[in-house]
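The values are calculated or read from the model by the stated rules, or taken from the named source; none is laboratory data. Remember, it's a predicted structure, so these values are computed and weren't measured experimentally. A quick note on method: Cβ atoms are made from the backbone with ideal geometry, for glycine too, and the neighbour counts reach across all protein chains shown.
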Amino acid sequence: MTVMRELGKPARSAAPADEETVIDVRGLRMRYGSVDVLRGVEFTARRGEVLVLLGPNGAGKTTTIEILEGFRMRSAGEVDVLGVDPAQGDERWRARLGVVLQSWRDHHKWRVRELLHHLGRYYEPYATPECPRPYDVDELIEKVGLAEQADQRLSTLSGGQRRRLDVAIGLIGRPELLFMDEPAAGFDPKARRDFHDLVHSLSDLEDTTILLTTHDLDEAEKLADRILILAGGHIVADGSADQLARRVSAEAEVRWSRGGEHFVHATADATRFVRELFAQYGEDVAELEVRRATLEDTYMALVHRHESGHESEEVVSL
Amino acid sequence: MSSAVVSASRLGVTRGLLEFKQTLVTPAELFWTLLINVGYVLVLYFQRNRSVEGSSLALLTLPSILGMAVAFGGAQGATNVLATHREDGTLLRAKAIPNGMVGYLVAQLVVISLTTVFGIVVVLVPGLFLIGGFPSAGAGDWLLVLGVLVLGLLATLPWGMIIGSFVKSAAAGFGLTFLPLCGIVAISGIFYPITALAGWLQGVAQAFPIYWLGLGMRAALLPDSAVAAEIGQSWRQVPMIGVLAVWSLVGLSIAPSVLRRMARKESGATMQERKERALHRGY
């Protein structure tokens, strides 16, 4: 799994620092009544990155993304999205964003193609020679896998189909930056897989920057160029899934059995340890298992640390 | 206005026409629209042979019903549309696209107006057959009907939008508009002459648009002799236009800022809350 990730997506996490910054958040605070939900959130996103904002329920993921979308006013801090403060974003700015909403039963009398065509036309005045807007409707329908449903009413779509339409609506204006809040919530495994493929194709073929939230670790690991973990009102970790796992726990766990007896050993250099193990016991070693810290271990450790009050201001940045 | 806003308004008109067409081909919605209006027609049917001072009671009631239908269509129609669309996320969608709100609002004005006109036609056509037409009404009188219709929509629709911006659900919106409107109808001389009521009730009724809408329609369609049943034996066209204009102007001046404030507060999180509440209620 780990190896495949590194082969599949080598360039992105190593993107040069001078690449265009699409999102820049500094000291973002949000207070509801007397409760501080965000207490100084800081992060940036570069052009073309897929950023996953991960965190436990109630950590403020939705609040953060809605502030960036310009749907919610912040209490304090500086936020810059495509060079504009979202609190002052005009319609020209709005036309460069895509927002994937979790639809429920809106537009149920509309047909898929009809709705995409209608919504796309609002972007026509914002087309430029470099960026033709909107997307070609049929091409987009094909891309999200709704070709067979193109002339169906929305009320007849399944949950997964409806969510793919949500993504299509988010993309119709050919956005430079796409926001998705819990996009795969309620998907069955097949729909989830299709959705992940869709996100990969978007980030590979287009220069679309994507920020999505999830509380699903597996999803974060599959999609993210970079993962941000939000806990206790701060970004407590910022890096690729591998980097995060290595940073929190450098040690791997080696398990084996010999003569019916089971052993566990923690070591920083598992390869060397196993080599020595075989050198010493040879064929007696059985049931060998080397387990590196997973994203889940990392996540649990970080979230626990930051929610149980042993909170350090240090950000695991890589 | 920027060209993008102009083009969004044009898209709104397209959208409004399409949505109106959709309601016409959706059996459930068509059924409700027809049901309410068939109810009015039934009232006329039972009144057709009762005569008051030489003319059929149905003849006297039909114009008043048209006036009432304008107020219901404008106020309740707008409340319902806005509350429903806030609840189901249509509005949030509009907010997420450039000038989407402009397009949305224009579309809803078109839909509500067309739906109101459609309802009126559904009552008017069988009504005309029942009463054998308005013998005294000429082309100019029908023009006045149109004028009262437009003024009535202007006077009521913005208020519907204002109420729809505040209510927590479509059901609450219905409760908040339907019962009060029925109360006002009861004292507004729609089904019987207002002059039969106590003086203070007449005063209350005259503060609201429904009485004046009924009066305007009666002025247009009834023979001059029918004026005897009106307050002061006069069609009072200037006060009619005045009261409706005041409701229009106040509504139109408050509605934009209320709508802006409502739109600013729309977000995925508030939508989600409404969705959960609605699912919890079970509809």
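So which residues in the stretch B:196-219 are at pLDDT 90 or above and surrounded by fewer than 17 Cβ atoms within 10 Å (Cβ to Cβ), if there are any at all?
B:Ala198, B:Gly199, B:Trp200, B:Leu201, B:Gly203, B:Val204, B:Ala207, listed by residue number.
For the stretch B:148-160, check the following and say yes or no: at least one residue is β-branched (Val, Ile, Thr), touching a strand residue (DSSP E or B) at 6+ places or on another chain (Cβ under 7 Å) and either at pLDDT below 95 or crowded, with 22+ Cβ neighbours inside 10 Å (or both).
No, there is no match, as no residue in the stretch B:148-160 is β-branched (Val, Ile, Thr), touching a strand residue (DSSP E or B) at 6+ places or on another chain (Cβ under 7 Å) and either at pLDDT below 95 or crowded, with 22+ Cβ neighbours inside 10 Å (or both).
Within the stretch B:127-173, which residues are of a type in the set (Ser, Thr, Tyr), touching a Leu at 6+ places or on another chain (Cβ under 8 Å) and assigned to a helix (DSSP H, G or I)?
Scanning the stretch B:127-173 gives a single hit, B:Ser165.
Pick from the stretch B:15-33 the residues that are without any contact (Cβ under 8 Å) to a residue 40 or more places away in the chain and facing chain A (nearest Cβ under 8 Å): which of them is nearest to A:His118 (Cα to Cα)?
B:Leu18
Name the single residue, out of those in the stretch A:26-68 being away from chain B (no Cβ under 12 Å) and among the polar types (S, T, N, Q), that is farthest from the chain's Cα centre (by Cα).
A:Ser34
Mind telling me which of the residues B:Val38, B:Val6 ends up being more than 30 Å from B:Ser225 (Cα to Cα) and either surrounded by fewer than 17 Cβ atoms within 10 Å (Cβ to Cβ) or without any contact (Cβ under 8 Å) to a residue 60 or more places away in the chain (or both)?
Matching residue, one of B:Val38, B:Val6: B:Val6.
If A:Ala150 satisfies all but one of (1) of a type in the set (Gly, Ala, Ser); (2) touching a strand residue (DSSP E or B) at 6+ places or on another chain (Cβ under 9 Å); (3) more than 10 Å from chain B (Cβ to nearest Cβ); (4) closer than 25 Å to B:Gln272 by Cβ, what's the number of the condition it fails?
(4)
List pairs: first residue in the stretch A:90-113 and facing another protein chain (nearest Cβ under 7 Å) and surrounded by fewer than 21 Cβ atoms within 10 Å (Cβ to Cβ), second residue polar (S, T, N, Q) and assigned to a loop (DSSP other than H, G, I, E, B) anywhere in the structure, Cβ distance under 9 angstrom, at least six positions apart or on different chains.
So the pair list comes out as A:Glu91/B:Ser2; A:Glu91/B:Asn99; A:Lys109/B:Thr26.
What number of residues within the stretch A:203-233 are modelled with pLDDT under 85 and either crowded, with 22+ Cβ neighbours inside 10 Å or small (Gly, Ala, Ser) (or both)?
Within the stretch A:203-233, residues that are modelled with pLDDT under 85 and either crowded, with 22+ Cβ neighbours inside 10 Å or small (Gly, Ala, Ser) (or both) number 1.
Could you figure out which of (1) under 16 Å from the mean Cα position of the chain (by Cα); (2) surrounded by fewer than 23 Cβ atoms within 10 Å (Cβ to Cβ) isn't true of A:Ser155?
(1)
Table: residues versus (1) crowded, with 24+ Cβ neighbours inside 10 Å; (2) free of Cβ contacts under 8 Å to residues at least 24 places away in the same chain.
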residue: B:Tyr45; (1), (2): no, no
residue: B:Asn49; (1), (2): no, yes
residue: B:Glu53; (1), (2): no, no
residue: B:Leu59; (1), (2): yes, no
residue: B:Leu62; (1), (2): yes, no
residue: B:Gly67; (1), (2): yes, no
residue: B:Val70; (1), (2): yes, no
residue: B:Ala78; (1), (2): yes, no
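From the list A:Ala168, A:Ala184, which one is buried (at least 20 other Cβ atoms within 10 Å of the Cβ), within 13 Å of chain B (Cβ to nearest Cβ) and under 25 Å from the mean Cα position of the chain (by Cα)?
Going through A:Ala168, A:Ala184 in turn, just one is buried (at least 20 other Cβ atoms within 10 Å of the Cβ), within 13 Å of chain B (Cβ to nearest Cβ) and under 25 Å from the mean Cα position of the chain (by Cα): A:Ala168.
For the stretch A:44-71, which positions are in a strand (DSSP E or B) and touching an Asp or Glu at 6+ places or on another chain (Cβ under 6 Å)?
Within the stretch A:44-71, A:Thr44, A:Arg46, A:Val50 qualify.
Considering only the stretch B:235-258, I want to know if a residue exists there that is exposed (fewer than 15 other Cβ atoms within 10 Å of the Cβ), away from every other protein chain (no Cβ under 14 Å) and outside any helix (DSSP H, G or I).
Taking every residue of the stretch B:235-258 in turn, none turns out to be exposed (fewer than 15 other Cβ atoms within 10 Å of the Cβ), away from every other protein chain (no Cβ under 14 Å) and outside any helix (DSSP H, G or I).
Just checking, which of B:Ala96, B:Ala78 is in contact with a Pro (Cβ under 9 Å, 6 or more places away or on another chain) and under 30 Å from A:Ala95 (Cα atoms)?
Step by step, each of B:Ala96, B:Ala78 is checked, and only B:Ala78 is in contact with a Pro (Cβ under 9 Å, 6 or more places away or on another chain) and under 30 Å from A:Ala95 (Cα atoms).
If you take the residues in the stretch B:68-92 that are part of a helix (DSSP H, G or I) and touching an Asp or Glu at 6+ places or on another chain (Cβ under 6 Å), which one is farthest from the other protein chains (Cβ to nearest Cβ)?
Per the criteria, the residue is B:Leu91.
Are any residues in the stretch B:64-79 under 9 Å from the mean Cα position of the chain (by Cα) and of a type in the set (Val, Ile, Thr), and if so, which ones?
B:Val70
Within the bounds of the stretch A:119-137, is there any residue that is surrounded by fewer than 17 Cβ atoms within 10 Å (Cβ to Cβ), more than 13 Å from chain B (Cβ to nearest Cβ) and in contact (Cβ under 8 Å) with a residue 40 or more places away in the chain?
yes
Which residues, taken from the stretch A:72-89, are touching an Asp or Glu at 6+ places or on another chain (Cβ under 7 Å) and within 13 Å of another protein chain (Cβ to nearest Cβ)?
A:Arg72, A:Pro86
Out of B:Leu82, B:Leu17, B:Leu109, B:Leu11, which single residue is modelled with pLDDT of 90 or more and over 21 Å from the mean Cα position of the chain (by Cα)?
When all the criteria are applied, what remains is B:Leu11.
Regarding the stretch B:221-233, can at least one residue be identified that is over 19 Å from B:Leu57 (Cα atoms) and without any contact (Cβ under 8 Å) to a residue 60 or more places away in the chain?
yes
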